[in-house]
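Engineer: Take this structure first; my questions come after.
The values are calculated or read from the model by the stated rules, or taken from the named source; none is laboratory data. Only a predicted model underlies this, so the values are computations on that prediction, with no experimental measurement involved. With ideal geometry, Cβ positions are generated from the backbone for all residues, glycine too; neighbour counts draw on all protein chains shown. Surface areas here come from the heavy atoms of the whole protein model, side chains and all, with no ligands, DNA or RNA. Shrake-Rupley method; radii C 1.70, N 1.55, O 1.52, S 1.80 Å.
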Amino acid sequence: MSTGPVPPQVNPEVLEQTRRHINRLIEEVGRLAESELPPNEFYAEMLKRILAAMAAPAGVVWARTEQGNLQNAFHINIQQVGLDQNEEGKQGHNELLRYAVTNPQPMHLLPHSGAGTNEEGKAGPSNPTQFVLLLV
């Protein structure tokens, strides 16, 4: 008796090729980190490889200014994920960045979900997009 759909079969050879490809990309990021590339070039090369390994559509590298504020240092396809579709979404994402800085640990958020708590009358930390969000 079946209670649900049959999961698709995974080809072990394709799985192994994918694992090797991801490991190669991770090794490349490690070599980049040891290189003398200027920050913007490093961010570009690193982010391309990370997005490829994760099959992600977009990514951003945030850096702190001397005053401690976050600044978009480099991005790929950020306009495609819809962070600025509405003011509440922008505020929720900005709160999420603040939350990530004050709680420095890797986290992921499902689409249209939140993290932490919010002040009354203020947007809380959230992922306003239709994509899984990974912060590291």
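Engineer: Probe of 1.4 angstrom, ligands and nucleic acids ignored: what's the accessible area per residue over the chain, in square angstrom?
Structural biologist: On the way: 9960 Å² over 136 residues.
In whole numbers, the chain has 73 Å² accessible per residue.
Engineer: Using a 1.4 Å probe over the heavy atoms of the protein chains, calculate the carbon and sulfur portion of the accessible area of segment 1-118 as a whole percent.
Structural biologist: Values: 4620 of 8750 Å².
That share works out to 53 percent.
Engineer: Search the structure for amide H atoms under 5 Å from the amide H of PHE74, placed 1.01 Å from N in the peptide plane, and list their residues when 5 or more places away or on another chain.
Structural biologist: When sequence neighbours closer than 5 places are left aside, the close amide H contacts are VAL61.
Engineer: Hey, if you drop one equal point scatterer on each alpha-carbon of the chain and run the Debye formula without solvent, what base-10 log of I(q)/I(0) do you get at q = 0.10, 0.11, 0.19, 0.21 Å⁻¹?
Structural biologist: -0.45, -0.53, -1.19, -1.32
Engineer: Could you list log10 I(q)/I(0) for segment 79-119 at q = 0.24, 0.31 Å⁻¹, which the Debye formula gives when each Cα is one point scatterer?
Structural biologist: The Cα Debye sum returns log10 ratios of -0.92, -1.27.
Engineer: For the pair LEU110 and ALA33, what calculated FRET efficiency results from E = 1/(1 + (r/R0)^6), where r is the Cβ-Cβ distance and R0 = 25 Å, to the nearest 0.05? Each step should come with its number before you reach the end.
Structural biologist: Details: r = 29 Å, r/R0 = 1.17.
The value I calculate is 0.30.
Engineer: Given the Cα-Cα distance of ASN77 and MET54 and 0.36 nm per residue of separation, how much length would full extension add, in nm?
Structural biologist: Details: separation 23, 0.36 × 23 = 8.28 nm, distance 1.45 nm.
Separation in residues times 0.36 nm, less the Cα-Cα distance, equals 6.8 nm.
Engineer: So what are the ³J(HN,Hα) numbers for segment 65-70, from phi and the Karplus equation (6.51, -1.76, 1.60; θ = phi - 60°), rounded to whole Hz, Gly and Pro as x?
Structural biologist: Ordered by residue, 3J(HN,Hα) equals 7, 4, 7, x, 7, 7 Hz.
Engineer: Report the one residue of VAL10, ALA53, PHE42 whose Cα lies farthest in the direction of the positive end of the charge dipole of the chain (charges on C-beta: Lys and Arg +1, Asp and Glu -1; origin at the Cα centre).
Structural biologist: The listed residue farthest towards the positive side: VAL10.
Engineer: Could you work out the relative contact order of the chain? I mean the mean sequence separation of Cα pairs under 8 Å and 6+ apart, divided by the number of residues, in percent. It would help to have the intermediate numbers written out before the result.
Structural biologist: On the way: 160 pairs, mean separation 21.4, N = 136.
Relative CO of the chain lands at 16 percent.
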